[in-house]
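K.L.:
Pasting a structure below so you can have a look.
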Amino acid sequence: MPTPVVTLTPAAAELLRSLRGRHGPLMFHQSGGCCDGSAPMCYPAGEFRTGGADVLLASLVVEGVPEPVEFWMSANQWELWRHTTLTVDVVPGRGSGFSLEAPDGVRFLTRSRLATENGPGEVGGPG
């Protein structure tokens, strides 16, 4: 079975359950390196507009969250990262004021590693 392109740590899944309870359906867009480096930004679903320049990498199933959490990245950035698998984690500290977890004193962090021969595989074209 191919390795998923994006996974969550248990801490990230727990934070997503909490954020879902407060904000409704959620989505991620991987920041391209401006203000917050390369941080995954969490928004209410649909608040960050995606289009032809973005790629949907995953629809993450989180136990206790009724709908998948989409994980998007710009197509240009994915061209540079496509040889990796990504794990969304949570670390202490304040991230972006735009991401929903910012007031909680924690921030999401993407950890990447080189993909194995079984992954990450092909991802759909621009969204």
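K.L.:
Condition check: touching a residue at least 12 places away in the same chain (Cβ under 8 Å), on the phi > 0 side of the Ramachandran plot and touching a Leu at 6+ places or on another chain (Cβ under 9 Å). Does residue 24 satisfy that? First the steps, then the outcome.
P.N.:
Values: touching a residue at least 12 places away in the same chain (Cβ under 8 Å): yes; on the phi > 0 side of the Ramachandran plot: yes; touching a Leu at 6+ places or on another chain (Cβ under 9 Å): no.
In short, no.
K.L.:
Another question, then. Look through 58, 11, 45 and report the one residue that is without any contact (Cβ under 8 Å) to a residue 40 or more places away in the chain and of a type in the set (A, V, I, L, M).
P.N.:
45
K.L.:
Let me ask something else. Scan 90, 123 and give me the residue that is more than 13 Å from residue 31 (Cβ to Cβ), at pLDDT below 65 and of a type in the set (A, V, I, L, M).
P.N.:
Residue meeting the stated conditions: 123.
K.L.:
Sort out which residues of the range 72-106 are out of contact with any helix residue (DSSP H, G or I) (no Cβ under 8 Å at 6 or more places or on another chain), within 14 Å of residue 19 (Cβ to Cβ) and surrounded by 13 or more Cβ atoms within 10 Å (Cβ to Cβ), and write them in order of number.
P.N.:
98, 99, 102 - these are the residues of the range 72-106 that are out of contact with any helix residue (DSSP H, G or I) (no Cβ under 8 Å at 6 or more places or on another chain), within 14 Å of residue 19 (Cβ to Cβ) and surrounded by 13 or more Cβ atoms within 10 Å (Cβ to Cβ).
K.L.:
Now, a different point. Any residue that is more than 15 Å from residue 107 (Cβ to Cβ) and surrounded by 19 or more Cβ atoms within 10 Å (Cβ to Cβ) - is there at least one of those in the range 28-47?
P.N.:
no
K.L.:
Being at pLDDT 95 or above, of a type outside the set (S, T, N, Q) and either assigned to a strand (DSSP E or B) or buried (at least 19 other Cβ atoms within 10 Å of the Cβ) (or both), is that true of even one residue in the range 62-69?
P.N.:
First, pick out the residues of the range 62-69 that are at pLDDT 95 or above: 62-69.
Those left that are additionally of a type outside the set (S, T, N, Q): 62-69.
Then keep just the ones that are either assigned to a strand (DSSP E or B) or buried (at least 19 other Cβ atoms within 10 Å of the Cβ) (or both); that gives 69.
Scanning the range 62-69, I find at least one residue that is at pLDDT 95 or above, of a type outside the set (S, T, N, Q) and either assigned to a strand (DSSP E or B) or buried (at least 19 other Cβ atoms within 10 Å of the Cβ) (or both), so the answer is yes.
The values are calculated or read from the model by the stated rules, or taken from the named source; none is laboratory data. Computed from a prediction, not measured in an experiment: that's the story for all the values here. When we count neighbours, we look across all protein chains shown, and the Cβ atoms used for this are built from the backbone with ideal geometry, even at glycine.
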